[in-house]
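Asker: First the structure, which I've put down as structure tokens, then a few questions once you've had a look.
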6 protein chains.
Amino acid sequence: MVNGIVLPIKKVFSLVDSKITVEIKDDQRKLQGRLVAVDEYLNIHMEDTTEYVNNVRGRTLGTVVIRGNNILSIQPQV
Amino acid sequence: MVNGIVLPIKKVFSLVDSKITVEIKDDQRKLQGRLVAVDEYLNIHMEDTTEYVNNVRGRTLGTVVIRGNNILSIQPQV
Amino acid sequence: MVNGIVLPIKKVFSLVDSKITVEIKDDQRKLQGRLVAVDEYLNIHMEDTTEYVNNVRGRTLGTVVIRGNNILSIQPQV
Amino acid sequence: MVNGIVLPIKKVFSLVDSKITVEIKDDQRKLQGRLVAVDEYLNIHMEDTTEYVNNVRGRTLGTVVIRGNNILSIQPQV
Amino acid sequence: MVNGIVLPIKKVFSLVDSKITVEIKDDQRKLQGRLVAVDEYLNIHMEDTTEYVNNVRGRTLGTVVIRGNNILSIQPQV
Amino acid sequence: MVNGIVLPIKKVFSLVDSKITVEIKDDQRKLQGRLVAVDEYLNIHMEDTTEYVNNVRGRTLGTVVIRGNNILSIQPQV
């Protein structure tokens, strides 16, 4: 059970320094970029971030810190 | 009361390694896949995930970590 | 004040094993079923659950775990 | 500062056993009833509850437990 | 860093007994009134509260306790 | 892992006294101003704040405290 408690975040920790896709809650937006840091609340620090609106490439955002509660999902970029 | 406190999450822990359906809050979307890990916040790590929009099969998502507060419900897949 | 702190959840604990109606936030939906377990976050494990959309009987859901923050209210079923 | 920390909830504790109006977040609804219990999360147990939709009297709800995060405001009923 | 952690709330503590404007999340509403008490969650107890809808003066609310998570911002009234 | 836990907030702490752009959740609004203080919940105290609605300059807000859960993202102003 101790393993069960830490695992979803462990998966995200394993993605540090790689490219991820972050889906924002209640929004047609995704952010893609390099995961620099993540904490236990799933707050995320990304670099080289690009915005996708309805899967169309949008603005280049660069450095961004996203608050965890507004993140719907995190995926490794494929 | 101690039992009462741990039980809803215990039900989800019992679903690890089996197929689940996750309903997203304020969204016409459900995600189906294999539950790999879950923590006390109901953050979820799923593999082999498929998206359903208004019950129509959508994208294949593969690996995804979903933040617990944006999950409305979790059910064993029937 | 100690009593004041524990009481709203105590009311819900008293409903374990009986039929409840759960109103979902920002949704025209209610879920009715038997309360199996509840924790301090008002996460809920229900069995024999039926969905009502705008008070019209909808799908039979069976087993469902609902995350507490997305629950607006819990009532004993009358 | 210690006083500052406890006071907003102290105001609500002082309303136990009296009539209150609870405004729901993102909803045209208010609930009026007798406050039976409240905890530190502003979870609320009300009895003799009546619903008002756009200030028009709606259903009689009786016993209801409301989750604190979905409450916008609490007022003494005037 | 210890200072950094306490400061945003310290700013709000400094506004106790003065007039503030509270902006509600996802709402065209602001509440103006005297700040009586605030806690670490930014729960707020206001007196002599007046509602503004789209910047037009609305109802007089008097005493109100607002739950912190539904507050977007707090400003000193100018 | 200890580093991983503290880092996203550390990035924001590093922006104290500089100009930032704060994106509000579910809103076409951004706030630009000088970051005075931030805490572990990403509650933010800004000064010299200006509002942008759909990227058009709006009101001058001056001093504002924003509750962290309603912040989608924080970026250094470029």
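Asker: Just to be sure I understand, how many residues within the stretch D:42-78 are within 26 Å of E:Asp39 (Cβ to Cβ), open to solvent by 10 Å² or more (accessible area, probe 1.4 Å) and not polar (S, T, N, Q)?
Answerer: Counting residues in the stretch D:42-78 that are within 26 Å of E:Asp39 (Cβ to Cβ), open to solvent by 10 Å² or more (accessible area, probe 1.4 Å) and not polar (S, T, N, Q) gives 4.
Asker: Which of the numbered conditions does B:Asp39 fail, given that it passes all the others? Conditions: (1) among the acidic types (Asp, Glu); (2) open to solvent by 20 Å² or more (accessible area, probe 1.4 Å); (3) closer than 21 Å to C:His45 by Cβ.
Answerer: (2)
Asker: Related question: Just the residues that are open to solvent by 20 Å² or more (accessible area, probe 1.4 Å) and among the basic types (Lys, Arg), please, taken from the stretch A:9-36.
Answerer: Residues satisfying the conditions are A:Lys10, A:Lys11, A:Lys19, A:Arg29, A:Lys30, A:Arg34.
Asker: Within the group B:Asp26, B:Asp48, B:Asp17, which residue is of a type in the set (D, E, K, R), within 7 Å of another protein chain (Cβ to nearest Cβ) and out of contact with any helix residue (DSSP H, G or I) (no Cβ under 8 Å at 6 or more places or on another chain)? Write out each step before concluding.
Answerer: On the way: B:Asp48 fails: within 7 Å of another protein chain (Cβ to nearest Cβ); B:Asp17 fails: within 7 Å of another protein chain (Cβ to nearest Cβ).
The unique qualifying residue is B:Asp26.
Asker: Now for a separate question. Would a scan of the stretch E:16-34 turn up a residue that is in contact with a Gly (Cβ under 6 Å, 6 or more places away or on another chain) and touching a residue at least 24 places away in the same chain (Cβ under 8 Å)?
Answerer: No - not one qualifying residue is present in the stretch E:16-34.
Asker: Turning to a different aspect of this structure: Could you please give the count of residues in the stretch B:61-77 that are of a type in the set (A, V, I, L, M, F, W, C) and more than 7 Å from chain C (Cβ to nearest Cβ)?
Answerer: To start, the set of residues in the stretch B:61-77 that are of a type in the set (A, V, I, L, M, F, W, C) comprises B:61, B:64-66, B:71-72, B:74.
Adding the requirement that they be more than 7 Å from chain C (Cβ to nearest Cβ) leaves B:61, B:64-66.
Going through the stretch B:61-77 one residue at a time, the tally reaches 4.
The values are calculated or read from the model by the stated rules, or taken from the named source; none is laboratory data. Worth saying up front: this structure is predicted, and the values here are computed from it rather than measured. Quick reminder, even Gly has a Cβ in these numbers, built from the backbone with ideal geometry, and neighbours come from all protein chains shown. Only protein heavy atoms, including side chains, enter the accessible area calculation; ligands, DNA and RNA are left aside. Shrake-Rupley method; radii C 1.70, N 1.55, O 1.52, S 1.80 Å.
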